[in-house]
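The values are calculated or read from the model by the stated rules, or taken from the named source; none is laboratory data. Because the structure is predicted, anything quoted here is derived from the model rather than measured. Note that each Cβ is placed from the backbone with ideal geometry, even for glycine, and that neighbours are counted across all protein chains shown.
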Amino acid sequence: MAGFNVHSVLVTGANRGIGLELVKQFLEKSNPPEWVFATCRDPEGQRAQQLKNLVSRHPNLVIVVLEATDPASIKAAAARVEEHLKGSGLNLLINNAGIVRLNTLESETPENMSLVYATSVKGPLLVNQQQPSLP
């Protein structure tokens, strides 16, 4: 990411795995974004502890509650981001949130498949539909 400069970035599913690593990489750049927005479902939960630890060292990091399958949550997250951006606009959106349920063909259920689809397919669509409202 050496030659890649952005003013603001939002990473969904940023409390662990690839999302958390992306947030770390942006924060550790020699010229980090003015704002790094890291979203997760439960910022107060144990799974967000590493993300919360980063906030204490990086004043440009903002943790935002976002449930990627809930349009009301997405709208509230967009409003929170807008408050920080003050009209400057979001430069980069990384739709990383997703889930997988490791089941066998015999143990898989329609409910599990619906949840995977809602989070990993519909979620990014809903987030992208809200994102253009950011200036």
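Summary table
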read-out: Condition check for Pro32: farther than 18 Å from Gln129 by Cβ and surrounded by fewer than 19 Cβ atoms within 10 Å (Cβ to Cβ); value: yes
read-out: Of residues in segment 74-99 being touching a residue at least 60 places away in the same chain (Cβ under 8 Å) and aliphatic (A, V, I, L, M), the one farthest from Tyr117 (Cα to Cα); value: Leu85
read-out: Count - residues of segment 36-67 that are farther than 23 Å from Ser88 by Cβ and either charged (D, E, K, R) or in contact with a Ser or Thr (Cβ under 6 Å, 6 or more places away or on another chain) (or both); value: 7
read-out: Unmet requirement for Gly98, which otherwise passes all of (1) among the small types (Gly, Ala, Ser); (2) in contact with a Gly (Cβ under 7 Å, 6 or more places away or on another chain); (3) modelled with pLDDT of 95 or more; value: (3)
read-out: Unique match (being among the small types (Gly, Ala, Ser), surrounded by 15 or more Cβ atoms within 10 Å (Cβ to Cβ) and out of contact with any helix residue (DSSP H, G or I) (no Cβ under 9 Å at 6 or more places or on another chain)) among Ser73, Ser8; value: Ser73
read-out: For Thr39: the one exception among (1) in contact with a strand residue (DSSP E or B) (Cβ under 9 Å, 6 or more places away or on another chain); (2) crowded, with 19+ Cβ neighbours inside 10 Å; (3) touching a residue at least 40 places away in the same chain (Cβ under 8 Å); (4) part of a helix (DSSP H, G or I); value: (4)
read-out: Qualifying residue in segment 101-111 (condition: under 25 Å from Val64 (Cα atoms), part of a loop (DSSP other than H, G, I, E, B) and of a type in the set (A, V, I, L, M)); value: no
read-out: Tally of residues being under 14 Å from the mean Cα position of the chain (by Cα) and in a helix (DSSP H, G or I) across segment 1-36; value: 9
read-out: Unique residue being crowded, with 21+ Cβ neighbours inside 10 Å and aliphatic (A, V, I, L, M) when the list is Leu54, Leu85, Leu27, Leu66; value: Leu66
